[in-house]
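Contents: one structure, followed by commentary.
Please treat every number below as a calculation from the coordinates, not as lab data. Please read these numbers as outputs of a predicted model, since none were measured by experiment. As a convention, Cβ positions derive from the backbone with ideal geometry for all residues, glycine included, and neighbour counts pool all protein chains shown.
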Amino acid sequence: MSAGDEARIPLFANRPAIAELIPEIARRQRAVLDSGRWILGPELAAFEEEFAAYVGRRHCIGVANGTEAITIALRAHDIGPGDEVVVPALTFVASAEAVINAGATPVFADVDAATDCITPATVESVLTDRTRALLPVHLFGNVAPMEELNALASSRELLVVEDAAQAVGATYRGRRAGALGDAACFSFYPSKNLGATGDAGAVLTDDAEVAARARRLRHHGTSGPGVHAEVGYTSRLDDIQAASLRVMLPHLDSWTSARREVAAGYAAAGLGEVVQLPRLTEGTESAFHLYVVRTSRRDELVARLGKRGVEARAYYTMPLHRQPSMVKWAGENSLPNAEVLAAEGLALPMGPSLEPKDVERVVEAVVAAL
Ligand SMILES: Cc1ncc(COP(=O)(O)O)c(C=O)c1O
């Protein structure tokens, strides 16, 4: 059979899993419409409670997207102008945008050569007396070494805010991503492992005062009827989106297990003989948001996989310190591991709807291409 006869294998293999839930999502969203409680209503409150319990945090504050979750989390801890926040040089641009939008200065640290996350070793050299916070990004679903980062942070009195946008459902030493720093931020952008039917995000914390301030910031700094204690944002997670998230959340763990089976299947089928497989932080179970392998022949591999009906995509090919929007904050630090990952990383198909025969086909295609 030629490649053209076979179904294309998509990069994000989650459509069938979500399609099954659409009738229920539509029913629950319709109920929200009928209720007329569209903003800061009971559906949002219920989701916040359920998601806080899922992650293992006291408070969840639903916001409009993952980027504003980070900005609001930083501002809720009084981080702003004059403060430096350490951000990985290789992540989605939103991690750094959010710091800048809070008025603070992002300082780029290299990622670890193996695990794609910041570690104390990569962070230490960029700390200054203006550093106020670390923003570890749990990239691709792997979790940064949080015990070590927390230890470094507490020795320097720094705040740790997890960017857990890609790691919902991942665990680190038995605890969930999002329950590991002082605060955590999630995105529920539709392609995320837990995705809404539009934009959505959340801030998680155990600190009641921080939670109260984040609630205020997402709603124009409102501190009482007609009173605005500080300048905030229009950044509420709306009830229509909360309804979709409440339908999906109970399925997240089984989707995550399916993703892990896909990853195990790739390894068992011998993918590691031709490309470098993802290497995880010790003690983590990844959420495998993306399954990113490395090869110095990345660009030819993408083209050849495409011809065989396998979708693959290089992410973050331009590290943040090279982005035109970030020139002002690029700094002089040398960031070699970020450069290598940008040049060699390639996401292969991943998702709960990928079947063992698809996994085999992807591996066969990669082996044949290289
Ligand atoms: C690592 C990371 N941080 C932040 C964000 C921002 O989330 P959003 O797109 O919901 O603003 C995303 C995803 O888009 C992300 O992948």
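Things worth noting here:
- Over the chain, volume per residue of the alpha carbon convex hull, in Å³: 133
- In the range 97-249, the DSSP beta bridges split such that about 60 percent are antiparallel, to the nearest 5.
- The range 1-113, relative contact order [Cα under 8 Å, separation at least 6], %: 17
- Contour excess over end-to-end distance, with Cα ends at ASP34 and ALA114 and 0.36 nm allotted per residue: 23.7 nm
- For the range 31-104, the Kirkwood estimate of hydrodynamic radius, built from reciprocal distances between every pair of different alpha carbons, is 14.2 Å.
- Secondary-structure-derived ellipticity at 222 nm for the chain, considering helices only, amounts to -11000 deg cm²/dmol, per-run term -39500 (n - 2.57) for DSSP H runs with n ≥ 4.
- Across the range 160-303, the mean sequence separation of Cα contacts (distance under 8 Å, 6 or more residues apart), normalised by length, yields a relative contact order of 23 percent.
- DSSP-defined antiparallel bridges as percent of all bridges, the chain, nearest 5: 60
- The chain, relative contact order [Cα under 8 Å, separation at least 6], %: 24
- Computed label-point distance, nm, for sites VAL231 and GLU364 using a 7 Å Cα→Cβ extension: 6.0
- The range 211-370 - Rg over Rh from alpha carbon coordinates, Kirkwood radius: 1.11
- For the range 261-318, the normalised intensity computed at q = 0.19, 0.25 Å⁻¹ comes to -0.81, -1.30 (log10 of I(q)/I(0), Debye sum over alpha carbons, equal scatterers, no solvent).
- Partner lysines for LYS357 [C-alpha distance under 21 Å; skip if fewer than 8 residues away on the same chain]: LYS307
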